[in-house]
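The values are calculated or read from the model by the stated rules, or taken from the named source; none is laboratory data. Bear in mind the structure is a predicted one, so any value in this text is a computation, not a measurement. With ideal geometry, Cβ positions are generated from the backbone for all residues, glycine too; neighbour counts draw on all protein chains shown. Areas reflect the complete protein model, heavy atoms only, side chains present, ligands, DNA and RNA absent. Shrake-Rupley method; radii C 1.70, N 1.55, O 1.52, S 1.80 Å.
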Amino acid sequence: MLSTSKLPKILEENKILSAPELKELQTSAECQGITLEECIIKKHLVQEDLLYKTAAKFYHIPYVTLLGQSISADILRLIPEPIAIHHHIIPYAKEGNTLKVALLNPDDHETLEFIEKKTGLKIELALTDPQSLKDAISQYRQSLEDEFKTIIKKYPDGRVEELAQEAPIIRIVDALLEHAILRSASDIHIEPGEKNLIVRFRVDGLLREAMSLPKDVSPGIIARVKILANLKIDEHRIPQDGRFKVEMPNNKVSIRVSIFPMLDGEKVVMRILHEDIKLMDIKELGFLPKALDIVLKNLKKPHGIILITGPTGSGKTTTLYTFISLLNRPDVNISTIEDPVEYRIPGINQSQVNPKVGFTFAIGLRSLLRQDPNIILVGEIRDAETADIAINAALTGHLVLSTLHTNDAVTAIARLLDLGMPPFLLAQTLTLITAQRLVRRICPDCIFSYTLTKEQAEELRAQFDMPAILESLAKEGVIGDSKGPLEGTRFFKGAGCTTCGSEGYRGRLAIHEVLEVSQELAGLVYAKASGTELHAGARKGGMVSLIEEAFIKAKQGLTTISEIMRVTRE
């Protein structure tokens, strides 16, 4: 858990390992896909506690062991358990306005700054070792279980509203929210099981377990969330949706709540939306240079339909909002119909559908056309009526932007035809279709390169059209020759470090498939060409497929081959 960049210096300065030995170990660690620290411990070259004692001298901070040391519950509460576990840090003493904390990585300045702001105390650092930290963190669970046993005994008749107001329940919910936001999670899942309550966070598109709680506290936790979201506490039979806000030191966060009845209780999913999030510049969306030129050219057109396609969670809304913010000028009227409105954009007229009162996408879009808009954003085309109105809006001089749930760009045309849209109208109005996925980005702090083995190359050939992919790589200039051997080609991955939580990834980026509806392609649409013919026409027009762009970005060191395989299999 020590800083990957500083560990070699610590070892060399203290004459624990020589420069040649370090180089050999780093090569060995890279081949095994593990960190240098893990490699050293695995080979028993240095005892773990001695390594951390040496690191403490390097950082000029004390070393402490917490083995067998009792920490009071009041001290433990100052840093919530999920944060302590994920960031390898624990409070162990408090003297006046100074909080003493033991940790594994003194370079985790972001977490230390968060704790300082949260507690309002001065932080005094000490280094400990992983076994000592693990022993100390186990005290959280004992303290929590003791508190839960006490409050459960107080409410044997299941008075959930009173249970939800108990301090331990409030602290747990607050800690989960704080930790999820600190970890940049997009969602919190609270899932009832037969014997316990599991809490998971979705970080970079993948769910990770954050905490397991006793089943007995489930009613209190769920009731606490319902109180925050202004939902009915005594309703357990039907789904409920709500919303509340959380004030963080640096930003305001809106939490969208969905409650769903399950066999073992109620499941809660909380979507985390940062209200003051900075909208991305279009160049930050990750389009390849030629694709970006096509996108910008079509956004300048005064009318037509621009579609963004992909499955749920593929970043369509972010791309849509970025396009709209680029078009946002004082001389145009931009209006939106969304479900829900995720981010507020100054200067744009945003509305949210409400099917309960009959305000659907189709009805809203029809009424919106009487509001003299230049540009219309429709959150999603879900049915034939909405599609029909959107097409007619484009025909009458409006620029319409929307999303569609299809796996690739060409299939969007087939989807609209399936909804009953006349081919001649689609040929006249469709201007641009982009498909996208989100892949995890390699952590820049622990990235390393490797070359494909014969076995890895064979596996890729079995799963992908590698000649077409290599041709795209050559066209983009990321490889010299598309006819060269696949074996020995250099790619990248992350070893895993403290910055990325040993994942090897940090953050996500989009891969795109940009289809411009040229005159040739419009002719194919008008002639009711098959999907195969449309795809061939798109390829002839220069469209780079999602998989090809993914490999380009993998070759550029932005993502990994294993991540491409994971996303394309979904």
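How much net charge surrounds ILE272 when only the other residues with a Cβ under 12 Å from the Cβ of ILE272 are counted, with Lys and Arg +1 and Asp and Glu -1?
After counting each charged neighbour, the total is +3.
Quick one: angle between helix 384-395 and the longest Cα principal axis of the chain, in degrees between 0 and 90, rounded to 10, please.
That helix lies at roughly 60 degrees to the long axis.
Specify which residue in the list ALA136, GLY220, PHE361 is farthest towards the positive end of the charge dipole of the chain, using unit charges on the beta carbon of Lys, Arg (+1) and Asp, Glu (-1), about the Cα centre.
PHE361
Full extension from LYS540 to VAL332: what is 0.36 nm times the residue separation minus their Cα-Cα distance, to one decimal in nm?
Contour length minus the Cα-Cα distance gives 71.3 nm.
Could you sort the peptides 558-567, 280-289 by per-residue average Cβ neighbour count (10 Å cutoff), highest mean leading?
By packing density, highest mean first, the sequence is 558-567, 280-289.
Could you sort 466-474, 74-82 so that the peptide with the highest average Cβ count within 10 Å comes first and the rest follow in order?
74-82, 466-474
Would you list, by chain and number, the lysines whose Cα falls below 27 Å from the Cα of LYS528, excluding same-chain residues fewer than 8 positions away?
The qualifying lysines are LYS297, LYS301, LYS540.
Order the peptides 408-418, 450-460, 129-139 from the highest to the lowest mean number of other Cβ atoms within 10 Å of their residues.
Ranking, from highest mean packing down: 408-418, 129-139, 450-460.
Which percent of the accessible area of region 1-150 is formed by carbon and sulfur heavy atoms (probe 1.4 angstrom)?
51 percent
Could you work out how far the C-alpha centroid of region 324-354 sits from that of region 360-401, in angstrom?
So the separation of the two Cα centres works out to 13 Å.
Please report, as a whole percent, how much of the solvent-accessible surface of region 246-323 comes from carbon and sulfur atoms (probe radius 1.4 Å).
Carbon plus sulfur share of accessible area: 58 percent.
Compute the signed sum of charges (Lys and Arg +1, Asp and Glu -1) over the other residues within less than 14 Å, Cβ to Cβ, of HIS512.
Its environment carries a net charge of -2.
What angle, in degrees between 0 and 90 and rounded to the nearest 10, separates the Cα long axis of helix 19-32 from the longest principal axis of the Cα atoms of the chain?
50 degrees
Can you give me the C-alpha center-to-center distance between region 46-80 and region 202-238, rounded to a whole angstrom?
33 Å
Can you compute the modelled spin-label distance between GLU455 and ASN97, with each label point 7 Å from Cα toward Cβ, in nm?
Placing both labels 7 Å along Cα→Cβ, they lie 6.0 nm apart.
Mind scanning LYS100/LYS134; LYS316/LYS553; LYS118/LYS215 and naming the pairs with a C-alpha gap bigger than 23 Å?
LYS118/LYS215
Where a Cα-Cα gap under 20 Å defines reach, which aspartates and glutamates qualify for LYS290, not counting those fewer than 8 residues away within the same chain?
ASP281, ASP408, GLU471, GLU476, GLU513, GLU516, GLU520, GLU548, GLU549
Excluding residues on the same chain fewer than 8 positions from LYS57, give the aspartates and glutamates whose Cα lies under 12 Å from its Cα.
Correct list for LYS57: GLU13.
State the Cα centre-to-centre distance between region 478-513 and region 405-430 in whole Å.
Computed from Cα coordinates, the inter-centre distance equals 34 Å.
Looking at the chain only, what percent of DSSP beta bridges run antiparallel? Nearest 5 please.
65 percent
With r as the distance between the Cβ atoms of ASP418 and SER367 and R0 = 30 Å, compute the FRET efficiency 1/(1 + (r/R0)^6) and round to 0.05.
Efficiency, from the Cβ-Cβ distance: 0.70.
Can you give the accessible area per residue of the chain, in Å², using a 1.4 Å probe?
Accessible area per residue, the chain: 48 Å².
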